[in-house]
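Values in this text are rule-based calculations from the coordinates and carry no lab data. Here the structure is a predicted model, which means the values were calculated and not measured. Positions of Cβ are backbone-derived with ideal geometry, glycine not excepted, and every protein chain shown enters the neighbour counts.
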Amino acid sequence: MAKKTFSDSIRSEEISPAMQFISQKKEQPTAKTTDAPEGYRANPLYIEVKSRRMQLLVQPSLYEKVKAAAEAEGISINEYVHKALEDKTGGQ
């Protein structure tokens, strides 16, 4: 029995397990795009791809108002609060 080499696998059009692993294409994580001026590309080092968790305590009555408003817009409470914070801070 002859010793198997990678070159033997390539010649016989059989891909070795090692080559299958190496040749797999890895999907790049999708990053949120920014509104860069025309002719410029957004620098991927400054694009936010992770979120920070924030714990918030509110009165039950305020929670019910926020929940009702979010349901009226057809979005989650998290998205509603996120949009409210973006609006309040001017999107900075």
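A few points about this structure:
- For segment 42-92, the tally of residues that are in contact (Cβ under 8 Å) with a residue 24 or more places away in the chain and loosely packed, with under 10 Cβ neighbours inside 10 Å stands at 1.
- Counted residues, segment 48-69 - those being in a helix (DSSP H, G or I), hydroxyl-bearing (Ser, Thr, Tyr) and more than 11 Å from Val81 (Cα to Cα): 1
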